[in-house]
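Each remark here refers to the structure printed beneath this line.
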């Protein structure tokens with residue numbers, strides 16, 4: 001039984017390391033944001049000279065001598081026992097920093113460094129050598145080793161002095177690794193729609209899903225009907241227009257105040273890259289989405305259900321949200337995965353803030369391999385989903401998925417603006433890539449002759465194939 005507890009602890013600890021941020025920290029991304037406690041405050045800003053790039057601003061309001069900040073970040077003292085950081089104070093006073101490492105394979109450890117600051121104010125590098133640390137619990141000196149998953153910073157520990165301080169370049173000597181490295185590059189275009197023909201949609205490629213599965217309407221307290229009318233979806237000037245409109249409309253015996261369109265692709269695939277170049281609708285309460293569902297989803301009225309493939313309930317089918325807008329702040333888009341293990345308010349998600357999504361086109365992409373799913377915007381990867389272990393609860397993504405394009409109204413995006421009339425999602429193109437390389441063995445094996453056989457020091461390769 002004791003061994004079982006140890007195994008469970010190690011699994012939980014390793015999981016926390018996998019989900020932790022990595023060193024070094026340069027405050028250039030939201031994952032580097034510390035969590036303040038006891039009334040302190042944290043933000044990011046330009047450096048002290050106004051240069052862009054990002055530094056952390058740590059603020060004590062002076063109400064509590066134990067104010068501090070923490071971040072879940074992986075630190076391995078078995079590799080390097082030193083942590084350094086750059087510190088900037090706007091005042092000339094002496095300061096101290098208490099640095100703690102917690103949630104480790106060994107008990108928590110800490111080091112407190114006192115120092116003076118340059119005059120005039122300038123950056124100062126502070127070094128914490130964990131060969132000479134103390135246990136947090138009893139203060140015993142120790143040469144600290146092991147792995148930890150939480151870094152705690154306390155500035156001017158033991159005092160109630162208010163102040164704002166800058167910290168940058170927190171490092172344990174490790175080299176940053178890219179968590180979004182692509183494992184497969186897909187290059188062969190296998191399906192697309194460039195939307196070059198004005199008028200109605202190409203029904204060889206798209207299906208209008210209009211049957212609301214929730215008593216004639218949709219789930220999530222959404223306020224729209226999806227229709228197959230050209231007023232809600234059409235092609236013009238090289239773009240697909242999906243139009244959400246404020247209008248009273250009765251369908252399926254239910255009257256609602258908004259209409260829109262929900263499109264299913266008549267193409268489904270397993271593994272590959274999908275690019276969708278889109279400009280998003282404007283207005284609070286609009287909820288545009290570019291996403292996929294398993295072809296096997298049991299949803300009445302969905303295209304693949306009508307083709308007799310729908311045998312599995314959501315979320316066992318898997319859902320890949322390539323882009324959603326309206327769930328967060330304006331211009332903050334998100335990507336997410338829904339599985340049996342994590343669905344609804346899933347933790348498998350990431351957000352990205354973009355400049356004016358209602359005025360600018362962006363390319364929203366997903367690269368899906370047998371081992372991971374990576375999300376990109378304008379060809380820059382920003383989130384990778386790579387669960388371990390992979391099983392039916394965490395990874396249903398080994399079967400065909402199909403694409404959905406829609407604008408919902410209300411629901412999790414909030415109440416629409418009272419003055420909303422209509423707004424559109426414009427899509428320039430949809431492109432799906434896979435790798436369809438021909439087999440050299442299958443294509444050419446019977447067209448070449450190698451002799452002698454058995455071979456000697458030299459062989460001859462002969463073919464009757466001619467250049468074309």
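The values are calculated or read from the model by the stated rules, or taken from the named source; none is laboratory data. Being a predicted model, the structure only gives us computed values, none of them experimental. When we count neighbours, we look across all protein chains shown, and the Cβ atoms used for this are built from the backbone with ideal geometry, even at glycine.
Quickly run through the stretch 331-369 and pick out the residues that are free of Cβ contacts under 8 Å to residues at least 40 places away in the same chain, part of a loop (DSSP other than H, G, I, E, B) and under 21 Å from residue 285 (Cβ atoms).
331, 344, 345, 354, 356
Out of the stretch 292-330, which residues are surrounded by fewer than 20 Cβ atoms within 10 Å (Cβ to Cβ) and assigned to a strand (DSSP E or B)?
Once the filter is applied, which keeps residues that are surrounded by fewer than 20 Cβ atoms within 10 Å (Cβ to Cβ) and assigned to a strand (DSSP E or B), the stretch 292-330 yields only 312.
Identify, from the list 152, 175, 170, the residue that is touching a helix residue (DSSP H, G or I) at 6+ places or on another chain (Cβ under 9 Å) and more than 30 Å from residue 426 (Cα to Cα).
170 is the lone residue from the list that is touching a helix residue (DSSP H, G or I) at 6+ places or on another chain (Cβ under 9 Å) and more than 30 Å from residue 426 (Cα to Cα).
Scan 117, 154 and give me the residue that is modelled with pLDDT under 95, closer than 15 Å to residue 89 by Cα and surrounded by 14 or more Cβ atoms within 10 Å (Cβ to Cβ).
Residue meeting the stated conditions: 117.
Hey, residue 254 hits all of (1) touching a helix residue (DSSP H, G or I) at 6+ places or on another chain (Cβ under 6 Å); (2) surrounded by fewer than 17 Cβ atoms within 10 Å (Cβ to Cβ) but one; which does it fall short on?
Going through the list (1) touching a helix residue (DSSP H, G or I) at 6+ places or on another chain (Cβ under 6 Å); (2) surrounded by fewer than 17 Cβ atoms within 10 Å (Cβ to Cβ), residue 254 breaks only (1).
Could you go through the stretch 394-414 and let me know if any residue there is in a loop (DSSP other than H, G, I, E, B), on the phi > 0 side of the Ramachandran plot and in the same structural domain as residue 430 (by TED's automatic domain parsing).
Within the stretch 394-414 (the criterion being in a loop (DSSP other than H, G, I, E, B), on the phi > 0 side of the Ramachandran plot and in the same structural domain as residue 430 (by TED's automatic domain parsing)), the answer is yes, since at least one residue qualifies.
Answer yes or no: is there a residue in the stretch 241-251 that is touching a residue at least 24 places away in the same chain (Cβ under 8 Å), more than 29 Å from residue 313 (Cβ to Cβ) and within 29 Å of the chain's Cα centre (by Cα).
Scanning the stretch 241-251 turns up at least one residue that is touching a residue at least 24 places away in the same chain (Cβ under 8 Å), more than 29 Å from residue 313 (Cβ to Cβ) and within 29 Å of the chain's Cα centre (by Cα).
Checking residue 221 against (1) out of contact with any strand residue (DSSP E or B) (no Cβ under 6 Å at 6 or more places or on another chain); (2) within 30 Å of residue 25 (Cα to Cα); (3) modelled with pLDDT of 95 or more, which test does it fail?
(2)
Please verify whether the stretch 223-236 includes one or more residues that are more than 25 Å from residue 360 (Cα to Cα), in contact with a helix residue (DSSP H, G or I) (Cβ under 6 Å, 6 or more places away or on another chain) and surrounded by fewer than 19 Cβ atoms within 10 Å (Cβ to Cβ).
Within the stretch 223-236, none of the residues are more than 25 Å from residue 360 (Cα to Cα), in contact with a helix residue (DSSP H, G or I) (Cβ under 6 Å, 6 or more places away or on another chain) and surrounded by fewer than 19 Cβ atoms within 10 Å (Cβ to Cβ).
All but one of (1) part of a strand (DSSP E or B); (2) in contact with a helix residue (DSSP H, G or I) (Cβ under 6 Å, 6 or more places away or on another chain); (3) over 22 Å from residue 44 (Cα atoms) hold for residue 144, so report the exception by its number.
In the conditions (1) part of a strand (DSSP E or B); (2) in contact with a helix residue (DSSP H, G or I) (Cβ under 6 Å, 6 or more places away or on another chain); (3) over 22 Å from residue 44 (Cα atoms), residue 144 misses (1) alone.
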